[in-house]
Amino acid sequence: MAAETDNGWKFAQCFGDKGEVEDITEADIISTVEFDHTGDYLATGDKGGRVVLFERNDGKKGCEYKFYTEFQSHEPEFDYLKSLEIEEKINKIKWCKRQNAAHFLLSTNDKTVKLWKVFEKSLKVVAENNLSDGSRPQNGKIQHLRLPKLTHHDTIIAAVPRKVYANAHAYHINSISINSDGETYISADDLRINLWNLNISDQSFNIVDIKPINMEELTEVITAAEFHPIHCNLFMYSSSKGTIKLSDMRAAALCDKHAKLFEEQEDPANKSFFSEIISSISDVKFSKDGRYILSRDYLTLKIWDISMENRPLKTINIHDHLRNKLCDLYENDCIFDKFECTFSGDGQNVLTGSYNNYFHIYDRDGLTDIALQADKSAFKAKRVVSTKSNKILRGKNNKKEEINVDAIDFNKKILHASWHPNENSIAVAATNNLFIFTCV
């Protein structure tokens, strides 16, 4: 089932209940989406603490997936010391590079990271023994002793937790990132970043700590963190103040002194009550070659060159039409929505989400803007295609396309998406549905 648009992108698949938004169970809302390194497998996590895996359906043409397995990763807990409920919601999933027939992946909620092993398990049953035919032995004696035989009955996909990395974060975990060395990973919360060895679950090293001695002096929090895709000693983290810091683990055990600081100074004329909120970075990603950094704040998407700290190469305005609605968005809490962003596998395009279940694909120069909608209209191939010129969206007839802000449904939003590592296919989470789009 595929509906094609004239920009080459087409809707390929949708998983999940396709009912109305009002009928959705909170636990079914997808909270993270992640392709593995091959693109043959896809994982989603939801607010109910479940992880669902999909595998490439080789029997179909194009990029189509089928259900692989599902397991309960996290359960709701209660912190009796702090009298706090700990949600089971899956914040992030990261795949480990595959080294054998099994899959390994990390999943995390607010407090605990788990390493899961997912593998095919053969179920065997006893096929024959001395009394398998139901007959009783004559005179209580068995004439021929037959050893019981086990035969293959079925193959199931099993998921078992191999490691549980607990009790290392006092604040909510927002990011996990596996190092290119395949042996270590980082987990980041609001104020600290910890370095772990995948094989050691009871010990971690604190490599960033921005917690002030007096919490009243707190001015910023960590919002996202990621390892460099090639250099295992480099990682970056973003903050609620709109800065991105690149750190080198070779410099010191505690990486509080950054190697590079990526920051664009705000024009004082644009300063307002909302300035700090809308400049908070919700997500950062390296390009596959590690040369570029992609960052997303509430209104814009920025592409940075790792060699140029003082300003981004490109700033793409995503929500410029919402600048006059910030007061309303503050009141309904939408201004705090955390939109993710991602590079394409070849680094030539970028992707991020918006409202009304729209998401945008831009080329790296920000010249083209393809807006696709991940809802029922995808089945009918409804689409908005536009080319960006300054801050104007132009349709095929080259007239301005005015966005009716009052018609936007702020309950429908694309926060989570993942781009296939080797081809132009994307997985998008739209509330409780998973959409697959592909470019032909």
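The values are calculated or read from the model by the stated rules, or taken from the named source; none is laboratory data. Quantities reported herein were computed from a predicted structural model and do not represent experimental measurements. Positions of Cβ are generated from backbone atoms using ideal geometry, with glycine treated the same way; all protein chains shown enter the neighbour counts. Keep in mind that these areas ignore ligands, DNA and RNA; they rest on the heavy atoms of the full protein, side chains included. Shrake-Rupley method; radii C 1.70, N 1.55, O 1.52, S 1.80 Å.
Can you work out which of the residues in region 310-326 that are of a type outside the set (S, T, N, Q) and assigned to a strand (DSSP E or B) is surrounded by the most Cβ atoms within 10 Å (Cβ to Cβ)? Please lay out each step first, then the result.
Within region 310-326, the subset of a type outside the set (S, T, N, Q) is 311-314, 316, 318-323, 325-326.
Within this subset, residues satisfying the condition of being assigned to a strand (DSSP E or B) are 314, 316.
Details: Lys314: 20, Ile316: 24.
Going through the qualifying residues, I end up with Ile316.
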In region 58-86, the residues that are within 20 Å of Asn174 (Cβ to Cβ) and either without any contact (Cβ under 8 Å) to a residue 24 or more places away in the chain or out of contact with any Gly (no Cβ under 8 Å at 6 or more places or on another chain) (or both):
Glu77, Asp79, Lys82, Leu84, Glu85, Ile86
Which numbered condition in (1) open to solvent by 60 Å² or more (accessible area, probe 1.4 Å); (2) modelled with pLDDT of 95 or more is the only one that Gln138 fails?
(2)
Members of region 284-304 found to be in contact (Cβ under 8 Å) with a residue 60 or more places away in the chain and either open to solvent by 20 Å² or more (accessible area, probe 1.4 Å) or of a type outside the set (S, T, N, Q) (or both), listed by number
Val284, Phe286, Lys288, Asp289, Gly290, Tyr292, Leu301, Ile303, Trp304
Qualifying position, being at pLDDT 90 or above, more than 30 Å from Tyr80 (Cβ to Cβ) and surrounded by 12 or more Cβ atoms within 10 Å (Cβ to Cβ), among Val118, Val164:
Val118
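Ser307 - would you say it is farther than 22 Å from Leu246 by Cα, open to solvent by 30 Å² or more (accessible area, probe 1.4 Å), among the hydroxyl-bearing types (Ser, Thr, Tyr) and in a loop (DSSP other than H, G, I, E, B)? Let's see the steps before the verdict.
Values: farther than 22 Å from Leu246 by Cα: no; open to solvent by 30 Å² or more (accessible area, probe 1.4 Å): yes; among the hydroxyl-bearing types (Ser, Thr, Tyr): yes; in a loop (DSSP other than H, G, I, E, B): yes.
It is false that Ser307 is farther than 22 Å from Leu246 by Cα, open to solvent by 30 Å² or more (accessible area, probe 1.4 Å), among the hydroxyl-bearing types (Ser, Thr, Tyr) and in a loop (DSSP other than H, G, I, E, B).
I'd like to check something: does region 91-110 contain any residue that is in contact with a Ser or Thr (Cβ under 7 Å, 6 or more places away or on another chain) and either without any contact (Cβ under 8 Å) to a residue 40 or more places away in the chain or not in a strand (DSSP E or B) (or both)? Even if it seems obvious, please write down each step before you answer.
Quick first cut of region 91-110, residues in contact with a Ser or Thr (Cβ under 7 Å, 6 or more places away or on another chain) only: 91-94, 107-108.
Still in the list and also either without any contact (Cβ under 8 Å) to a residue 40 or more places away in the chain or not in a strand (DSSP E or B) (or both): 91.
Yes, the conditions are met somewhere in region 91-110.
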Conditions (1) among the hydroxyl-bearing types (Ser, Thr, Tyr); (2) within 30 Å of Thr25 (Cβ to Cβ); (3) modelled with pLDDT of 90 or more; number of the one not met by Ser377
(3)
Selection count, region 59-90, where residues are part of a loop (DSSP other than H, G, I, E, B) and either in contact with a strand residue (DSSP E or B) (Cβ under 7 Å, 6 or more places away or on another chain) or over 30 Å from Cys439 (Cα atoms) (or both):
15
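Checking the condition at negative phi and at pLDDT 95 or above, which residue from Leu131, Leu123, Leu106 passes? Spell out the reasoning first.
Working: Leu131 fails: at pLDDT 95 or above; Leu123 fails: at pLDDT 95 or above.
Only one candidate qualifies: Leu106.
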Single unsatisfied condition, Asp365 versus (1) charged (D, E, K, R); (2) open to solvent by 10 Å² or more (accessible area, probe 1.4 Å); (3) within 23 Å of Ala259 (Cβ to Cβ):
(3)
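Within region 96-115, take every residue that is among the basic types (Lys, Arg) and over 20 Å from Ala188 (Cβ atoms) and give me the one that is most open to solvent (accessible area, probe 1.4 Å). I'd like the intermediate steps shown before the answer.
Here is the first cut: in region 96-115, the residues among the basic types (Lys, Arg) are 97-98, 111, 114.
This time we only want the ones that are over 20 Å from Ala188 (Cβ atoms), so: 97-98.
On the way: Lys97: 142, Arg98: 124 Å².
Of everything passing the filter in region 96-115, Lys97 is most open to solvent (accessible area, probe 1.4 Å).
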Going by the structure shown, is Thr184 at pLDDT below 95, open to solvent by less than 70 Å² (accessible area, probe 1.4 Å) and among the polar types (S, T, N, Q)?
no
For Glu34, which of the numbered conditions (1) open to solvent by less than 40 Å² (accessible area, probe 1.4 Å); (2) under 24 Å from Ala371 (Cα atoms); (3) within 21 Å of the chain's Cα centre (by Cα) fails to hold?
(1)
Can you confirm whether Leu329 is at pLDDT 90 or above, crowded, with 19+ Cβ neighbours inside 10 Å and assigned to a helix (DSSP H, G or I)?
yes
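Filter region 410-435 down to the residues that are over 19 Å from Asn57 (Cα atoms) and in a strand (DSSP E or B) and list them by number. Reasoning before the result, please.
Filtering region 410-435 down to residues over 19 Å from Asn57 (Cα atoms) leaves 410-417, 429-432.
Selection gives Lys413, His416, Ala417, Ala429, Ala430.
Okay, residues lined up against (1) touching a His at 6+ places or on another chain (Cβ under 6 Å); (2) modelled with pLDDT under 90; (3) surrounded by 18 or more Cβ atoms within 10 Å (Cβ to Cβ):
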| site | (1), (2), (3) |
| --- | --- |
| Asn7 | no, yes, no |
| Cys14 | no, no, yes |
| Gly19 | no, yes, no |
| Leu42 | no, no, yes |
| Arg50 | no, no, yes |
| Asp58 | no, yes, no |
| Cys63 | no, yes, yes |
| Lys66 | no, no, no |
| Thr69 | no, no, no |
Suppose the filter is within 17 Å of Phe435 (Cβ to Cβ), touching a Phe, Trp or Tyr at 6+ places or on another chain (Cβ under 9 Å) and touching a residue at least 24 places away in the same chain (Cβ under 8 Å); does Leu329 pass it?
no
Complete set of residues in region 332-353 that are under 18 Å from the mean Cα position of the chain (by Cα), farther than 21 Å from Asn174 by Cβ and open to solvent by 10 Å² or more (accessible area, probe 1.4 Å):
Gly345, Asn349
Check on Thr387, among the polar types (S, T, N, Q), modelled with pLDDT under 90 and in a strand (DSSP E or B):
yes
Selection count, region 55-91, where residues are over 21 Å from Lys163 (Cβ atoms) and among the polar types (S, T, N, Q)
2
